[in-house]
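The values are calculated or read from the model by the stated rules, or taken from the named source; none is laboratory data. Small disclaimer: the values here were computed from a predicted structure and weren't measured. Cβ placement follows ideal geometry from the backbone for every residue including glycine, while neighbour counts extend to all protein chains displayed.
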């Protein structure tokens, strides 16, 4: 963004804020200060997050409440914990929301909690204590601009793999979730989360849930529905491990705990189409387009390891499909329409006629 356009946006937001405050002072019904459209966000989410319909319904509710703009003045806009195994779309959900609101998939503050596994690492969030090097500067891992957002756009924060953080780090977050404020240990500075949507992700209990599901799948089909009745299902196993890891006072400060399902074979065709569209988006810059034959798709499905979720399929595209089309482009640099097939146990690329 250029300096001129940046200043124009700031001036526009200032005018919007003044109008908003005038309406508030006169107790007039007012339009939301937030400019994002929940329906647009959800359209992008449903196009990319496959097999997680129940969780997306809850995210839509959250976005609509934020948009309605009667949020609690002394808390974050929303606090959501996304649970589930690897490769099911938890982090991708946050990226898509960021892209829908800011036109950038990385316009959020991401803290990888596996880097804060030791007790003393809490200082990375709150700054060094008084008397220690750097205490007066109030340095912190947080991207304050991304956290606070702007008058018309909420800030977005992601605490990734929350279960790997130390207990001291979790205690540091308690005040953020309760009051929307984090006071740095220097005492001269605080970070305001009241305009933030806070996400946390975790795959806690995922391995145990998968082991339980594998045992259930070996039962006769008419017995499998009893697993839920006797609390042997994936959500219940995850809940038990969640209660073991986190204190109730932490869990009670989370608005929504959403369970992302393991990727099943019945959605693989959709995921292949999604990966293909991502690859074609990159190829479009070269004026090229790629298609897969039914045999190629069938082979990809056969090769996929469901335990790795959508990431496993992405890896198959990188290691199986991309090298083949790279070789093809080296041999035929003018080719623009390419088709991938699987014949005689080999991946093959050919020019596709219009």
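Every condition in (1) surrounded by 14 or more Cβ atoms within 10 Å (Cβ to Cβ); (2) within 24 Å of residue 44 (Cα to Cα); (3) modelled with pLDDT under 90 is met by residue 304 except one, and the failing one is (2).
If the requirement is being closer than 20 Å to residue 339 by Cβ, under 19 Å from the mean Cα position of the chain (by Cα) and free of Cβ contacts under 8 Å to residues at least 40 places away in the same chain, which of these qualifies: 278, 297? So the residue among 278, 297 that is closer than 20 Å to residue 339 by Cβ, under 19 Å from the mean Cα position of the chain (by Cα) and free of Cβ contacts under 8 Å to residues at least 40 places away in the same chain is 278. For residue 268, the stated conditions do not hold, so it cannot be described as within 26 Å of the chain's Cα centre (by Cα), crowded, with 17+ Cβ neighbours inside 10 Å and modelled with pLDDT of 95 or more. Quick check on segment 199-227: of everything there that is in contact with a strand residue (DSSP E or B) (Cβ under 9 Å, 6 or more places away or on another chain) and outside any loop (DSSP other than H, G, I, E, B), which residue is modelled with the lowest pLDDT? Per the criteria, the residue is 206. Selection within segment 60-74: residues that are at pLDDT 95 or above and touching a helix residue (DSSP H, G or I) at 6+ places or on another chain (Cβ under 7 Å). The member of this set that is surrounded by the most Cβ atoms within 10 Å (Cβ to Cβ) is 63.
Can you pull out every residue in segment 158-184 that is assigned to a loop (DSSP other than H, G, I, E, B), crowded, with 20+ Cβ neighbours inside 10 Å and in contact with a helix residue (DSSP H, G or I) (Cβ under 7 Å, 6 or more places away or on another chain)?
Within segment 158-184, 161, 165, 184 meet the criteria.
Of all residues in segment 47-59, those that are under 22 Å from residue 250 (Cβ atoms) and surrounded by 20 or more Cβ atoms within 10 Å (Cβ to Cβ) total 2. Got a number for residues in segment 333-354 being part of a strand (DSSP E or B) and free of Cβ contacts under 8 Å to residues at least 24 places away in the same chain? Of the residues in segment 333-354, 3 are part of a strand (DSSP E or B) and free of Cβ contacts under 8 Å to residues at least 24 places away in the same chain.
Would you check if residue 196 is touching a strand residue (DSSP E or B) at 6+ places or on another chain (Cβ under 9 Å) and without any contact (Cβ under 8 Å) to a residue 24 or more places away in the chain? No: the conditions fail for residue 196. Close contacts from segment 71-97, counting a first residue that is in the same structural domain as residue 182 (by TED's automatic domain parsing) and free of Cβ contacts under 8 Å to residues at least 40 places away in the same chain and a second that is assigned to a loop (DSSP other than H, G, I, E, B) and surrounded by fewer than 21 Cβ atoms within 10 Å (Cβ to Cβ), with Cβ to Cβ under 6 Å and a gap of 6+ residues or different chains, come to 95/105. Give the residue, chosen from 266, 327, that is over 30 Å from residue 93 (Cα atoms) and out of contact with any strand residue (DSSP E or B) (no Cβ under 6 Å at 6 or more places or on another chain). Going through 266, 327 in turn, just one is over 30 Å from residue 93 (Cα atoms) and out of contact with any strand residue (DSSP E or B) (no Cβ under 6 Å at 6 or more places or on another chain): 327.
Among the conditions (1) assigned to a helix (DSSP H, G or I); (2) surrounded by 15 or more Cβ atoms within 10 Å (Cβ to Cβ); (3) in contact (Cβ under 8 Å) with a residue 60 or more places away in the chain, the only one that residue 249 does not satisfy is (2). Reported count of residues in segment 291-301, each being surrounded by fewer than 17 Cβ atoms within 10 Å (Cβ to Cβ) and assigned to a helix (DSSP H, G or I), is 4.
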